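Down below is the structure, laid out as structure tokens.
The values are calculated or read from the model by the stated rules, or taken from the named source; none is laboratory data. All values derive from a computational prediction rather than experimental measurement. Counting neighbours? That spans all protein chains shown, and the Cβs are built from the backbone with ideal geometry, glycine included.
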Amino acid sequence: MQAPRFLKSLTLLVFFSLFAHFSTAQANDVSVAPLNAQDTLDVVIEPLFPSDSLNQDLDIFTLTTAPDGATKDLWDRIRKGFAIPDLNNPLVATHSTWYSARPEYMQRTSQRASRYLFHVLQELEKRHMPTELALLPFIESSFNPQAYSRAKAAGMWQFIPSTGRDYNLKQNVFRDERRDVIASTNAALTYLQKLYGMFGDWQIALAAYNWGEGSVSRAIAKAKAAGRGTDFNSLSDYMPAETRNYYPKLQAVKNIIATPMQYGIKLPVVENQPYFVSINKARDIDIKLAAELAEIPIEEFRALNPQFNRPIIPGSPTTNILLPEINAQKFKENLSKWTKALSSWTAHRVTTAREKIETIAAKFKTTPQVIREANDIPPNMHVKAGSVLLVPKLATTSDKDIADEVVNNATMNVEADGPAKRRITIKVSKHDDLKSIAQRYKVTEAQIREWNDLKGKKIVAGQSLKLEVRAGKAKSKSGKAEKSEKSSRTSKSSSNKHNQ
């Protein structure tokens with residue numbers, strides 16, 4: 001009779017321990033979101049500093065491990081999940097020859113892929129999708145999450161801006177989730193599932209991923225009207241060259257991964273274990289500092305966190321950074337000892353066209369070159385009003401993070417520098433209005449109002465106006481420019497009459 005009471009007490013003890021654990025997480029306003037559904041282990045790190053500390057942060061490491069008894073070779077796990085019927089056509093043979101003749105390319109791309117394959121494969125298996133889809137970034141980006149195409153497609157899965165927005169991938173000055181390893185993988189697989197639901201054929205769905213569902217639908221309609229089949233080979237004649245070669249390239253890579261020795265390829269060892277863990281970061285931190293605290297090269301840090309466009313990671317309850325597990329522990333330990341500010345940057349909104357980079361640099365006690373490099377502004381370009389720039393923190397802002405509203409809505413627009421300008425001052429004559437002055441000096445009425453803080457269009461004779469004109473024009477503060485311009489017009493008029 002004693003054993004049941006003991007077990008009952010032990011059960012209650014475990015229940016209250018778990019309750020206390022999750023109550024602590026709720027008290028710190030933390031949501032635990034595992035990277036994968038299978039075999040997750042959440043390790044909670046307690047707050048590193050007192051509640052009033054600048055560096056307070058609660059980091060959650062989400063670790064996912066392979067099931068017990070699973071193969072130790074990730075390539076073998078991928079092979080076992082192949083489910084798309086093989087395609088056989090001359091293009092497959094051509095691309096198989098191309099890849100097999102470049103073992104160094106296959107080695108380099110496979111090595112790069114080793115950071116991401118475990119996560120991609122976990123997501124595919126969770127959705128019951130064919131595992132050869134894990135090889136698609138071979139074709140899209142060579143597994144380079146920083147890849148950017150002429151069509152403005154970005155990331156490992158190569159989302160164009162509009163499709164990225166369709167799948168809730170945020171794109172702003174600070175972050176481009178088309179390059180986010182976890183967010184873009186989720187979006188890509190969701191999109192592929194949608195395409196398979198539309199066409200019921202993975203080869204056609206992949207053609208649509210490359211060409212667009214509308215284009216594929218029209219090709220199917222044309223094939224049916226011509227009495228032809230609607231399989232990939234039959235539709236190839238209606239496809240552009242890129243799409244016609246798209247799935248054959250994937251099939252070629254699949255063939256090599258299936259039997260690498262047959263093609264003279266030696267694949268790098270990729271263990272069937274997670275490469276990275278996820279850490280929640282609620283406070284802003286410089287990318288350079290984050291890499292230093294994690295004790296990894298900044299190139300490796302960026303390879304795992306390519307979504308951050310600026311030298312800062314804006315913190316928020318939903319901001320996560322990825323690190324190898326051992327480095328995540330080092331990051332936690334080093335962060336607990338860090339006593340200085342985590343970020344040296346803040347945000348500045350450009351309010352008017354008159355606010356030049358040189359002016360902003362002087363205001364924030366830095367150089368124009370620092371501003372340009374931090375914000376990726378090319379030479380001979382300037383920022384337009386409304387743009388948000390990253391600038392060094394001043395003493396008055398050293399303890400403040402960039403507001404979420406600024407981060408989520410930040411935009412930056414640049415335009416080429418125009419011809420050299422100089423400022424002049426003119427006096428309004430009794431026959432002048434804003435339109436005539438704007439036409440005479442080849443500026444706009446809006447610019448005249450902005451330069452002179454005018455609320456409306458009304459101006460009066462004798463009033464002084466400041467203008468920015470091309471450097472070749474004469475400058476005057478006493479109306480001489482006006483007289484010179486009038487004399488020139490009179491001379492031209494007389495000359496025209498004489499010629500007539």
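Residue pairs whose Cβ atoms lie under 9 Å apart, sitting 6 or more positions apart in sequence or on different chains, and linking a residue in the stretch 439-454 that is not assigned by TED's automatic domain parsing to the domain that holds LEU467 and loosely packed, with under 12 Cβ neighbours inside 10 Å to a partner that is outside any helix (DSSP H, G or I) and modelled with pLDDT of 90 or more, do not occur here.
Against the numbered list (1) surrounded by fewer than 11 Cβ atoms within 10 Å (Cβ to Cβ); (2) at pLDDT below 90, ALA461 comes up short only at (2). Could you check, for the stretch 121-141, whether at least one of its residues is without any contact (Cβ under 8 Å) to a residue 12 or more places away in the chain and either surrounded by 22 or more Cβ atoms within 10 Å (Cβ to Cβ) or not in a helix (DSSP H, G or I) (or both)? Yes, there is a match, as at least one residue in the stretch 121-141 is without any contact (Cβ under 8 Å) to a residue 12 or more places away in the chain and either surrounded by 22 or more Cβ atoms within 10 Å (Cβ to Cβ) or not in a helix (DSSP H, G or I) (or both). Quick check: anything in the stretch 234-241 among the polar types (S, T, N, Q), surrounded by 14 or more Cβ atoms within 10 Å (Cβ to Cβ) and either in contact with a strand residue (DSSP E or B) (Cβ under 7 Å, 6 or more places away or on another chain) or over 24 Å from GLY81 (Cβ atoms) (or both)? Yes, the stretch 234-241 contains at least one residue that is among the polar types (S, T, N, Q), surrounded by 14 or more Cβ atoms within 10 Å (Cβ to Cβ) and either in contact with a strand residue (DSSP E or B) (Cβ under 7 Å, 6 or more places away or on another chain) or over 24 Å from GLY81 (Cβ atoms) (or both). Just one of the listed residues (VAL428, VAL407, VAL388) is among the hydrophobic types (A, V, I, L, M, F, W, C), buried (at least 18 other Cβ atoms within 10 Å of the Cβ) and more than 27 Å from the chain's Cα centre (by Cα), and it is VAL428. Selection of the stretch 465-500 for residues being at pLDDT 50 or above and loosely packed, with under 12 Cβ neighbours inside 10 Å yields ALA471, GLY472. Checking each residue in the stretch 111-148 for being among the polar types (S, T, N, Q) and either at positive phi or at pLDDT below 95 (or both) picks out only SER142. Among the criteria (1) closer than 19 Å to LEU289 by Cβ; (2) part of a loop (DSSP other than H, G, I, E, B); (3) not acidic (Asp, Glu), the one ALA347 does not fulfil is (2). Scanning the stretch 231-278 for residues that are of a type in the set (A, V, I, L, M), in contact with a helix residue (DSSP H, G or I) (Cβ under 9 Å, 6 or more places away or on another chain) and closer than 17 Å to ALA101 by Cβ returns ALA252, VAL253, ILE256, ILE257, ILE265, LEU267. Pairs meeting the criteria (first residue in the stretch 393-418 and closer than 21 Å to GLU373 by Cα and assigned by TED's automatic domain parsing to the domain that holds ALA362, second residue among the charged types (D, E, K, R) and not in a loop (DSSP other than H, G, I, E, B), beta carbons under 8 Å, at least 6 apart or on different chains) are VAL406/ARG349; VAL407/ARG175. Between ALA294, ALA258, the distinction of being at pLDDT 95 or above, under 19 Å from PHE138 (Cα atoms) and either among the β-branched types (Val, Ile, Thr) or out of contact with any Gly (no Cβ under 9 Å at 6 or more places or on another chain) (or both) belongs to ALA258 only. Taken together, the residues in the stretch 251-297 that are of a type in the set (A, V, I, L, M, F, W, C), part of a helix (DSSP H, G or I) and in contact (Cβ under 8 Å) with a residue 24 or more places away in the chain amount to 10.
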